[in-house]
Structures are given as structure tokens and as C-alpha cells.
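For reference, the structure discussed in these notes is given below.
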Amino acid sequence: MSENRPSSSVLMVTGVTACGKTSRAVTLARALGGEIVSADSRQIYRGMDIGTGKDLDEYGDVPAHMLDIVPAGYRYNLYEYLRDARACIDDIESRGRLPIVCGGTGLYVESLARGTRLPEVPENPVLRASLADKSLVELTAILAGMKRLHNTTDVDTAKRAIRAIEIETYYADHPELAAAVKGGDDGRRYAIICLDIDRDTRRSRISARLRSRLGQGMLDEARRLMAGGVDADTMIYYGLEYKFMALHLTGELTYDEMVSGLETAIHQFAKRQATWFRGMERRGFVLHHLPYDIPDDELIAEAKSLIL
């Protein structure tokens, strides 16, 4: 165990897409004796490397967890993430190392920090059958009547909306689970660093990164996934890059339409991420905002002050 550091300290590095979270988390891991636990909802999938910006070379000798843990085509969920990420954190702490959660999936970051405990919700075939013929608009309205929709993740597709309704119905039928689902103290201190990047720089980096990934063979990656059995609906379910590439590969978008639409969608996604993090602060979380380009020595000093 590192001297003066309680085993309950977990450092989190988050922020909008293209702010450089991974490289900064790696810097902190090397300086503080840490290991990284990804909080990215798509980097868990094997074979989805370029499109998710996995950039495995960035980690170097720093151990990284929650990457490449399930095959592409699988539909991983929040329950599974919390179960698996907490197992990684337990293991890292048991070896006297510092867990550093790194990623921009706000739901994952917030749920970990809140101490949310989700039950494994079984399928409800009767409910699914009753919802099967409803449109996405109708399903969205049903879900909105059951909970506040903080974002559009649950209603990207009819399948996701039906699953979200299924989960909310299960919770309503099991009120004893309400406290556990809401969250509680899990005995850990979560120090959350949020990397801030100005709008113009963010937009420039997003655009440059998209073109770089296309040049690296991102579209070929999508072709391999679909040839390997990942259907178009599942690609669309994964969103952003994979959604637009699937629409192009199935003939619904031209190449230029794909690139233009995807670039716009990523910019919009970054805005939604920023909105989520502001919402976390309204919901009582303390986010320590630091410039995305803060010098390494200052970043390390700030992180030390949060976990010691």
C-alpha cells in the first residue's frame, strides 16, 4: 500500500470526448502507482478499436482494465459494468495500487461514484410482447412517464427503449430495491477530475481525429465487424462511428454524407457529455475542473492533493 494513501481512494479522470483523458490518466498512473479502469461504454468490445479510440499503445506499461472484455455484437449493460468494474477496483486495491477510473461515459462514472447497486433484471416476455408493436415515439413516451430521461441513450432504438421500460417496471414491482438502485456509501472516496477544453479546440480536435481514424482504416474495421456477424441493427445500437458506418455500408448514406453526419453527431455528443457533467454537479457531486493541457507536474500535484 502506498504510504499515507487510504485504500478507499479512487481517482476518476473524465471529460468530454477528445480532451485527452487517456494520456492524462496514464501520466497519473505512472506517478501515483495506479492502474486504469476504463469507463467507456464501447471500449469494452473486442475488435472495436479504431472507432472507439481505444489507442492501446498509449497505456504502455500501465495496466488497464475493462478493455476488450466482451465480443463485438454483445450488448453490455450498466449492471454488468458496475459488477465488473468494482471487481477490478477491489483487485487493484488488494494489491496496494491506486484505481484510476478513466472515461467519458457519464452514466458509468456517476453510477460508480454514487455507489449504485443494480439487481440483475430478468426478461419479462409478457411485457415485451405487449410493447413489440409500438413505435419508438410511443415507447419513449411510456418511458418518460416512468422516469426522467436525462439523455437519449435509453431511446436510441426500440429494443433499448423496451429494455429500459422492462427495467423500470421491475423496479416498480420491487420497491424494496429503490434504496440500493439510488446508491449509497460503498466505503470509498471518489475524487473526480474533469478535464476542461474550450469549444473551438474541442471541435478542431474532434474533426482532426475523425479524419485520422478514417485514414487508419476505421471503415474497414466496420466491414470486418459486419462480415464477422455483427448485424446492422447492433452497429446502430453502438452509436456514433459504428452507426454512421453501418448506414453507409448498407447503402443508406453516401461516404460524404456519412462523414458529414458523423462529424456533426460527435460534436453533439460532446455537448451532451458536458451537459451530463454539469448535471452531476447539480446532483451533488464535486468535480475538480482542470485544463485539458495542464502541465504534468501540476496535474500530478492536484491529483495527490485529492487522494491523500
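Pulled fully out, how much extra length does the chain show between Asp186 and Arg95, if you take 0.36 nm times their separation in residues and subtract their Cα-Cα distance?
Extending this stretch completely gives an extra 30.9 nm.
For Ser135, the accessible surface of its heavy atoms amounts to roughly 50 Å² (probe 1.4 Å, protein chains only, rounded to the nearest 10). The heavy atoms of Thr22 present about 30 square angstrom of accessible area, all protein chains included, probe 1.4 Å.
For the pair Asp293 and Ala265, label points projected 7 Å from Cα toward Cβ lie 3.0 nm apart. With a 1.4 Å probe rolled over the protein heavy atoms of all chains, the accessible area of Asp173, Asp296 falls in the order Asp173, Asp296, largest first. Under the shape rule built on the C-alpha gyration tensor, where the axes satisfy a ≥ b ≥ c, the stretch 1-78 is prolate, since a/c reaches at least 1.5 and a/b is greater than b/c. Remark: the stretch 75-130 carries 41 Å² of accessible area per residue (probe radius 1.4 Å; ligands, DNA and RNA excluded). Counting only DSSP beta bridges with both residues in the chain, the antiparallel share comes to about 0 percent. Of all aspartates and glutamates in the structure, those lying under 18 Å Cα to Cα from Lys271, and not within fewer than 8 positions of it along the same chain, are Asp40, Glu110, Asp154, Asp156, Asp196, Asp198, Asp200, Glu241, Glu263, Glu281. Measuring between their Cα centroids, the stretch 227-265 and the stretch 193-214 lie 20 Å from each other. For Val70, the accessible surface of its heavy atoms amounts to roughly 20 Å² (probe 1.4 Å, protein chains only, rounded to the nearest 10). Just the protein heavy atoms count here, and of the accessible area of the chain at 1.4 Å, carbon and sulfur take up 50 percent.
Rounded, prolate or oblate for the stretch 63-179? Axes are the square roots of the Cα gyration tensor eigenvalues, ordered a ≥ b ≥ c, and the cut-off for rounded is a/c under 1.5. Since a/c reaches 1.5 and a/b is larger than b/c, the shape of the stretch 63-179 is classed as prolate.
Using helices alone, I'd like the mean residue ellipticity at 222 nm for the chain: each DSSP H run of four-plus residues gives -39500 (n - 2.57), total over residue count, nearest 500. Walk me through the numbers before you get to the answer.
Values: 13 runs with 159 residues, N = 308.
One gets -16000 deg cm²/dmol as the mean residue ellipticity at 222 nm.
In this Cβ point-charge picture (+1 for Lys and Arg, -1 for Asp and Glu), the chain has a dipole of about 500 debye about its Cα centre. Between Glu35 and Leu98, Ile100, the built amide H atoms are under 5 Å apart, and every one of these is 5 or more places off in sequence or on another chain.
The values are calculated or read from the model by the stated rules, or taken from the named source; none is laboratory data. Bear in mind the structure is a predicted one, so any value in this text is a computation, not a measurement. Heads up, the Cβs are rebuilt from the backbone with ideal geometry, glycines too, and the neighbour counts pull from every protein chain shown. Protein only, heavy atoms only, side chains kept; ligands, DNA and RNA dropped before computing areas. Shrake-Rupley method; radii C 1.70, N 1.55, O 1.52, S 1.80 Å.
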